[in-house]
1. Within segment 45-75, track down each residue that is assigned to a loop (DSSP other than H, G, I, E, B) and within 21 Å of residue 18 (Cα to Cα).
2. Can residue 47 be described as surrounded by 19 or more Cβ atoms within 10 Å (Cβ to Cβ), in contact (Cβ under 8 Å) with a residue 40 or more places away in the chain and under 13 Å from the mean Cα position of the chain (by Cα)?
3. Could you tell me which numbered condition residue 64 fails, if it satisfies all but one of (1) surrounded by 19 or more Cβ atoms within 10 Å (Cβ to Cβ); (2) more than 20 Å from residue 85 (Cα to Cα)?
4. Does segment 23-42 hold any residues that are modelled with pLDDT of 95 or more, surrounded by 14 or more Cβ atoms within 10 Å (Cβ to Cβ) and either over 14 Å from the mean Cα position of the chain (by Cα) or assigned to a loop (DSSP other than H, G, I, E, B) (or both), and which are they?
C-alpha cells in the first residue's frame, strides 16, 4: 500500500483496499500510506480520497510528530488538505 500511495496509483490503492490491506499501517518512520500520498501529491486527489474514505486517519502523527494533515498544511501552494476532509481530531 505504501508504494502504491507513494506513486499516486489510485487503481492499485483501490485494489489493495478491496483485498483488505490495512489502510493505516505505519512504515519504519511511522508514516502511513496517507502520509506518503500527501508527501507525493501532484494535484490529483484520487488516492487521498480513497484512503480517507477507507478510514485512514489524517491526524495520525508519524514518529516525528507530523500528521498527514499537518504535512498538507505545510505544502505551500498545494491543495492536498482539501482532500483530507473534516476537522482535526482532538
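The values are calculated or read from the model by the stated rules, or taken from the named source; none is laboratory data. Only a predicted model underlies this, so the values are computations on that prediction, with no experimental measurement involved. Cβ coordinates were reconstructed from backbone atoms using ideal geometry, including for glycine residues, and neighbour counts include every protein chain displayed.
1. Answer for segment 45-75, where residues must be assigned to a loop (DSSP other than H, G, I, E, B) and within 21 Å of residue 18 (Cα to Cα): 45, 54, 55, 56, 57, 58.
2. On the way: surrounded by 19 or more Cβ atoms within 10 Å (Cβ to Cβ): yes; in contact (Cβ under 8 Å) with a residue 40 or more places away in the chain: yes; under 13 Å from the mean Cα position of the chain (by Cα): yes.
Spelling it out, residue 47 is indeed surrounded by 19 or more Cβ atoms within 10 Å (Cβ to Cβ), in contact (Cβ under 8 Å) with a residue 40 or more places away in the chain and under 13 Å from the mean Cα position of the chain (by Cα).
3. (1)
4. Scanning segment 23-42 gives 23, 24, 26, 27, 30, 31, 32.
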